[in-house]
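Report on one structure; see the data block that follows.
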Amino acid sequence: MLVLVAPGQGAQTPGFLTPWLELPGATDRLAGWSDAIGLDLAHYGTKADAEEIRDTAVAQPLLVAAGLLSAAALNASPGVVAGHSVGEITAAVLAGVIEDEAALRFVRARGLAMADAAAVTETGMAALLGGDPAVTVPHLEKLGLTPANVNGGGQVVAAGTTAQIAALAEDKPEGVRRVVPLKVAGAFHTPHMAPAVETLRTAAATLKIADPGVTYVSNADGKTVADGNEVITRLVGQVANPVRWDLCMETFEELGVTALIEAAPGGTLVGLAKRALPGVKTLALKTPDDLDAARALISEHAGA
């Protein structure tokens, strides 16, 4: 059983899209998406610096575009799909819930709305290295922070105002070794993003929606979702609610997943899977050079 997963914001690095545009048809496909959303994805994926692609309104469509290009090049038929944060939009396309251009329009609206929400208050996110979530989460709540991502393997990401993040660095939960600020421009998956929810609800109303054609695992609670409208409802609410990737990985295990491939720009979710799912073979699509190894893995593990 193969699961294909898509990473979230923070996975992007300068120039990461360059090798993918060398594949046949990729440049034309990206140009079409760029025209549809009014954003030069090729420029941002090949020439922009780290600060430019840190912009929420840029990073999110760029990540979805990269995930879709790499998945198309792989041409796999996974039994299960899932995505972390904005990667859930990529997963929705891979599951057949929405079409690719509609997904890019939706994620562009998402990125702009979340950027606007982030501008209201100076906020941020930080990863906590070490510690036990059972201890960490109550400590965060005591400081007024939200456990925005519970990623499994003991990893928790806190989100809140910059003052609250600074206080966390001085008052770490027991067992936490370091508090590492993340390269994101707001407190995503927290009530700070509530203004973006209504914007996304309006954008979602224009989508042509189908039920998933493969098993779709939601990062809201790790549950499988078989209704396309429910998938989109969860995508809308997701921006203001925590990501429970730990529960997604528990579901992968329950479903009998034996291999996990992470769409471009891969690496983050594979790292989490190696710690939480030690019996599962993993592979990250970082460049097209990884495609042959991924296809070999698929031939061994793809199933019903």
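The values are calculated or read from the model by the stated rules, or taken from the named source; none is laboratory data. Please read these numbers as outputs of a predicted model, since none were measured by experiment. Glycine gets a Cβ as well: all are built from the backbone with ideal geometry, and neighbour counts include every protein chain shown. Note: areas computed on protein heavy atoms with side chains; ligands, DNA, RNA excluded. Shrake-Rupley method; radii C 1.70, N 1.55, O 1.52, S 1.80 Å.
Data for the structure
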{"item": "Cα-derived Rg over Rh, computed across the stretch 55-99 with Rh taken as Kirkwood radius", "result": "0.97"}
{"item": "Percent breakdown of C-alpha pair distances by 10 Å bin, ordered from the shortest bin, for the stretch 175-229", "result": "17, 29, 36, 14, 4"}
{"item": "Inter-label distance, nm, simple model (7 Å from Cα along the C-beta direction), T233/E254", "result": "1.9"}
{"item": "Accessible area, probe 1.4 Å, largest first, for residues E141, E254, E101", "result": "E254, E141, E101"}
{"item": "Where Cα atoms sit under 27 Å apart: lysine pairs in the chain separated by 8 or more or lying on different chains", "result": "12"}
{"item": "Helical segments meeting 18 Å axial Cα length and Kyte-Doolittle 1.6 threshold in the chain (DSSP H)", "result": "56-74"}
{"item": "Largest to smallest accessible area among T27, T90 [probe 1.4 Å]", "result": "T27, T90"}
{"item": "Alpha-carbon spread of the chain, three principal axes, descending order, Å", "result": "51, 43, 36"}
{"item": "R0 of 22 Å, Cβ-Cβ distance K183-D28: FRET efficiency to nearest 0.05", "result": "0.10"}
{"item": "Calculated SAXS-style log₁₀ I(q)/I(0) at q = 0.11, 0.20 Å⁻¹ - the stretch 191-304, Debye, Cα scatterers", "result": "-0.45, -1.17"}
{"item": "Label-point separation in nm, E300 to D49, each point 7 Å along Cα→Cβ", "result": "4.3"}
{"item": "Rounded to 5, percent antiparallel among DSSP beta bridges of the chain", "result": "50"}
{"item": "In Å, descending, principal axis extents of the Cα set of the stretch 105-240", "result": "48, 33, 22"}
{"item": "The chain: calculated mean residue ellipticity at 222 nm from DSSP helix runs of at least 4, using -39500 (n - 2.57)", "result": "-14000 deg cm²/dmol"}
{"item": "Cα coordinate range in the stretch 1-50, projected on the principal axes (Å, largest first)", "result": "36, 26, 21"}
{"item": "Solvent accessible area, Å² - R105, 1.4 Å probe, full protein context", "result": "120"}
{"item": "Inter-probe distance in nm under a simple model that places probes 7 Å from Cα toward Cβ, at A293 and A169", "result": "3.5"}
{"item": "Portion, in percent, of the accessible area of the stretch 95-197 that falls on carbon or sulfur, probe 1.4 Å", "result": "54"}
{"item": "Environment charge at V107 (Cβ cut-off 14 Å; Lys +1, Arg +1, Asp -1, Glu -1)", "result": "-2"}
{"item": "Projected area, mean over directions - the stretch 64-136, Cα convex hull, nm²", "result": "7.4"}
